[in-house]
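Enquirer: Just dropping this structure here.
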Amino acid sequence: IFWSSRRFFAAQPTQVPVEKSINVKVNGQEFSVPDTATIMQACQLAGIDIPRFCYHERLGVAGNCRMCLVQVNEGPKLVASCAAPVMPDMRIATE
């Protein structure tokens with residue numbers, strides 16, 4: 001209960017968003033990761049360490065150093081894993 005200068009207000013319950021999980025393949029192995037994860041975080045959950053220079057969990061994503069590049073869905077261009085979100089049935093190659 002909160003006190004205002006004139007009345008009492010009951011606190012509203014806060015809603016915590018529920019994370020859904022999606023399946024991705026990292027180096028041919030399938031893993032279930034949260035749908036809010038980046039490719040780098042998905043690889044960390046899979047036990048694969050991706051080299052990085054400019055990424056830190058407590059800072060905003062800059063993606064400037066390009067040290068964390070990975071191949072996604074056998075595409076022609078490499079993707080910065082620190083800045084790209086995971087998508088359902090994504091195939092990630094780190095080697």
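The values are calculated or read from the model by the stated rules, or taken from the named source; none is laboratory data. These figures come from a predicted structure and were not determined experimentally. Positions of Cβ are generated from backbone atoms using ideal geometry, with glycine treated the same way; all protein chains shown enter the neighbour counts. In case anyone asks, the SASA skips ligands and DNA or RNA and just uses the protein heavy atoms, side chains included. Shrake-Rupley method; radii C 1.70, N 1.55, O 1.52, S 1.80 Å.
Enquirer: Rank these residues by their accessible area, most exposed first, probe 1.4 Å: Ser32, Ser81.
Expert: Correct descending sequence by accessible area is Ser32, Ser81.
Enquirer: Shifting gears a bit: State, to one decimal in nm², a quarter of the convex hull surface area for the C-alpha atoms of the stretch 40-91, i.e. the direction-averaged projected area.
Expert: Projected area, direction-averaged: 3.8 nm².
Enquirer: Another one. Return the distance in nm (one decimal) between the two label points of a simple spin-label model at Asn27 and Asp89, each offset 7 Å from Cα along Cα→Cβ.
Expert: 2.5
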